[in-house]
Structure formats: C-alpha cells, structure tokens
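Presented below is the structure to which this report refers.
The values are calculated or read from the model by the stated rules, or taken from the named source; none is laboratory data. This one's a predicted model, so the numbers in the text were calculated from it and none came from an experiment. FYI the Cβ positions are ideal-geometry reconstructions off the backbone, even for glycines, and counts take in every protein chain you see. Surface areas here come from the heavy atoms of the whole protein model, side chains and all, with no ligands, DNA or RNA. Shrake-Rupley method; radii C 1.70, N 1.55, O 1.52, S 1.80 Å.
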Amino acid sequence: MELAFIPSPSVGVVHLGPIPLRGYAFCIIIGVFVGVWLGNKRWVQRGGRSGTVADIAVWAVPFGLVGGRLYHVITTYEPYFGKDGHPLNAFKVWEGGLGIWGAVALGAVGAWIGCRRRGIPLPAYADALAPGLALGQAIGRWGNWFNQELYGRPTDLPWALKISSDPAIGRVGGTYHPTFLYECLWCIGVAALVIWADKRFRLGHGRAFALYVAAYCAGRAWIEYMRVDEAHHILGLRLNVWTALIVFVLAVVYFVVSAKKAPGREEVVEPGALEERAAAEAAAAGKSGEEGESTDGASSEAEDGAKDKVSVEKPAAKTEEATTAAQAEKSAQAGKAGETPAGKPETAAADAPAADEPVADEPAAEAADSKKS
C-alpha cells in the first residue's frame, strides 16, 4: 500500500486561449533569470558594471539552448532520425530534451563572443556566473517534473515520484525515484559550495567555475546511474555517466593547473568600471559635502549677524555712558569754578580783575601815593 509519494502534474501545459503555457518552458526561463540575477550581483562585487552579465547573457543563452538541444538530438537521435522518427520534432524544445553538457559548452562560446566585445576576460565572467548556473539548473529540473520524464528506478520510499501511465509513449505508471528532485537539491548544494569556497579562498581565473563543474559532475554521475529512461550505453555505463566522469577529471586538472600558473584573483575584471565607480562615489561625496557647507555657511552667517548685533549694541551703550560721565564731569568743574576762597561772596570774586588783566588808571594811582607821602 502506498502511504506517501510525490504527485506528478496531470498536465504539463495550460492553454491561455490559443497560447500554450508550458511548465517546462517556465522553469527554464525562471532558471535563466535567477542565474543572471545572482551572476550580476557577484560581478558587481568583483568590480564590474551592473548589467554586464545580462548583456553577455544575450549571447550565451541562445547559444546554450542550441547547444543543449544539439547534444540531446545527437545522443538520442532515434525519436527524430530513427525508424518512424520525425525530424521536425527536433525543434520542439518546449517538449523537453536539453543536454546540460551541450548547453554549457556552446553557451560558453556565446559568452566568449560577448566578453570579447566588451573586453572582459571569460574566466572572470564564468567565475561570477558559476553559482547562478547551478541554481538555474536546480529550477530548470522541475520542468522534468511537469513533463513526467527522467525519473529513476521503481521505489516505495515516502518521497517516491508518482508517474501516470501513457501507452502512447510507452510510459508505465508507478512510483519511481525522483531523480529530478535529487539533482535539484544537489545543484543547490553545489551553488552553496562555490559561494563559500569563493569567499574563503578568493578563487579566480576560472577556478570557481571549475569547482562548479567538478561538483556538479560528481553528483550527476550517481544520479544518472539511477535513471531508467532510454540511453546509449558504453561498457555497461550510460553515455552521460561517462561524460560526467570525463568532464569531472578535466575540471579538476584545470583547477590545479590554474592555481599554480595564476594564483589569486583578478584585480580588474572590467576595464574602467572601478574608475567610474570611484568617480561616482566622489561626486556623491562632493554633493553631500556642498550641502553640508551650505548648512554650515547659513549657521555661520547667523552667528556673524548675532555678533554684529551685539557689537553694535555694546558701543551704543558705551557711548551713552561716556556722554553721561562727561556731562557729570563738566558740571563738577563748573561748580568748582563758582566757589570763592575763604568763603567770600561770589560777587566779590567775580568783580576782582584777573591776574593778567591790564590796569587802566596808573597815573591816578601814582598821584594818590605822592599825597600820602
């Protein structure tokens, strides 16, 4: 008796009038947006311009979609070019069938073109984008859930995936390992690992991207081994298992060789970006400084006005005091001049001639003296 399982959607497409809205396509689109968002954030932290990741993604995403579809069609050609195959179905990307190996390989070609046009080193761009790619894959894997495809072996585990039967395509109903969910969780762990290692060891020159590739391949190998969908086998192993092992070895070799030849991280990832940011910060600081100076100037003017007011009021008070003191001194001098020696009346002192006043009647005085004699 089945006690618990993960249900699958009854349909993978909803029609909005004549427009089909497919769950697989929505998962791919959301994954691309999340990857570009996180990649842009990391690119800015490394010293690049905001928006550069999206500009280069305009080249990388279409190349990646074409590469992913080509890998799928080449490695699983029977439904398209085999017996009873339909070649035109190879263009129906929305029905599923994107190989991550081809998507990353040809997407890197598109990214190289975009980076070359902007004068940006591809390894630095790949390092910034690596965790976003892993998260984009984690979201994109839910498209397989909508299409009820790429599941694992039968199981009765509580988290088993319920698959409905479809005789038209030879699908047998039952409960299976949700390999899409395993890969989704593994990709989230890969993204966390790359972010942590990049901060801890300051990975540069493509080593963060190499770590993402190696970690993803390690998980993809055992998850691929669990799948039961049709695939080509080489020496008893699925083709994608061999691909994962080979790419894993190449990523590890690149990581080791790059660490020896170019240790550390790039100082400049986008020419002119640091200078523009410094100029913008200086302009913002200057603007805030001018606003502060205008405020300080207004306050200093107010203080100067208050000082002038005080200085005007103080001299005015001193002038009044000086005038009052002068009048009092003048009155005192006038009072002293009006007094007579030995208490004589003021009229006698007033009638007495001054010391330097000339005597008018000298002959009369001489005559008086002669009579006395």
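Please verify whether Ala111 is in contact with a Gly (Cβ under 7 Å, 6 or more places away or on another chain), crowded, with 23+ Cβ neighbours inside 10 Å and assigned to a helix (DSSP H, G or I), treating the condition exactly as stated.
So Ala111 fails the test.
Being without any contact (Cβ under 8 Å) to a residue 40 or more places away in the chain and aliphatic (A, V, I, L, M) is true for just one of Val36, Val44, Val61. Which residue is that?
When all the criteria are applied, what remains is Val44.
Of (1) farther than 30 Å from Pro7 by Cα; (2) touching an Asp or Glu at 6+ places or on another chain (Cβ under 9 Å); (3) modelled with pLDDT under 95, Leu88 satisfies all except one. Which?
(2)
If the requirement is being under 28 Å from Leu245 (Cα atoms) and of a type outside the set (D, E, K, R), which of these qualifies: Pro121, Pro87?
Just one listed residue meets the conditions, Pro121.
Part of a helix (DSSP H, G or I), at negative phi and surrounded by fewer than 21 Cβ atoms within 10 Å (Cβ to Cβ): does that describe Trp59?
When the stated conditions are applied, Trp59 passes them.
Filter the range 119-150 for residues that are farther than 29 Å from Gly39 by Cα and at pLDDT 95 or above and give the result.
Answer for the range 119-150, where residues must be farther than 29 Å from Gly39 by Cα and at pLDDT 95 or above: there is none.
Any idea which of (1) farther than 26 Å from Trp59 by Cβ; (2) modelled with pLDDT of 95 or more; (3) among the charged types (D, E, K, R) is the one Arg116 doesn't satisfy?
Result: Arg116 passes all but (1).
With the condition kept exactly as written, say whether any residue in the range 6-24 is among the β-branched types (Val, Ile, Thr), open to solvent by less than 90 Å² (accessible area, probe 1.4 Å) and under 16 Å from Leu135 (Cβ atoms).
no
Residues are listed down the side, and each one gets a yes or a no for (1) surrounded by 20 or more Cβ atoms within 10 Å (Cβ to Cβ); (2) part of a strand (DSSP E or B); (3) more than 41 Å from the chain's Cα centre (by Cα); (4) not aliphatic (A, V, I, L, M):
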residue	(1), (2), (3), (4)
Ala126	yes, no, no, no
Leu129	yes, no, no, no
Ala134	yes, no, no, no
Ile139	yes, no, no, no
Phe146	yes, no, no, yes
Leu150	yes, no, no, no
Leu157	no, no, yes, no
Ala168	no, no, yes, no
Phe180	yes, no, no, yes
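Do we find a residue being under 18 Å from Val109 (Cβ atoms) and among the charged types (D, E, K, R) anywhere in the range 45-61?
Yes: the range 45-61 contains one or more residues that are under 18 Å from Val109 (Cβ atoms) and among the charged types (D, E, K, R).
Scan the range 128-152 and report the pairs whose first residue is in contact (Cβ under 8 Å) with a residue 24 or more places away in the chain and among the aliphatic types (A, V, I, L, M) and whose second residue is part of a loop (DSSP other than H, G, I, E, B) and open to solvent by 40 Å² or more (accessible area, probe 1.4 Å), with Cβ atoms within less than 9 Å and a gap of 6+ or a chain change.
Sorted first by the residue in the range 128-152, then by its partner, the pairs are Leu150/Asp229.
Rundown of residues vs (1) within 17 Å of Gly96 (Cα to Cα); (2) in contact with a helix residue (DSSP H, G or I) (Cβ under 7 Å, 6 or more places away or on another chain); (3) not aliphatic (A, V, I, L, M), yes/no style:
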| residue | (1), (2), (3) |
| --- | --- |
| Gln137 | yes, yes, yes |
| Thr155 | no, no, yes |
| Gly173 | no, no, yes |
| Tyr182 | no, yes, yes |
| Leu193 | no, yes, no |
| Trp196 | no, no, yes |
| Ala218 | no, yes, no |
| Arg227 | yes, yes, yes |
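Could you grab the pairs with beta carbons closer than 6 Å, sequence gap of 6+ or different chains, first residue in the range 167-182 and at positive phi, second one open to solvent by 40 Å² or more (accessible area, probe 1.4 Å)?
Gly174/Pro154
Filter the range 209-256 down to the residues that are more than 23 Å from Gly39 (Cβ to Cβ) and among the hydroxyl-bearing types (Ser, Thr, Tyr), then identify the one that is surrounded by the fewest Cβ atoms within 10 Å (Cβ to Cβ).
Per the criteria, the residue is Tyr225.
Looking at (1) out of contact with any Ser or Thr (no Cβ under 9 Å at 6 or more places or on another chain); (2) surrounded by fewer than 20 Cβ atoms within 10 Å (Cβ to Cβ); (3) in contact (Cβ under 8 Å) with a residue 12 or more places away in the chain; (4) not in a loop (DSSP other than H, G, I, E, B), which one does Val194 not meet, given that it meets all the others?
(2)
Kindly check whether there is at least one residue in the range 83-98 that is open to solvent by less than 10 Å² (accessible area, probe 1.4 Å) and touching a Gly at 6+ places or on another chain (Cβ under 6 Å).
Within the range 83-98, none of the residues are open to solvent by less than 10 Å² (accessible area, probe 1.4 Å) and touching a Gly at 6+ places or on another chain (Cβ under 6 Å).
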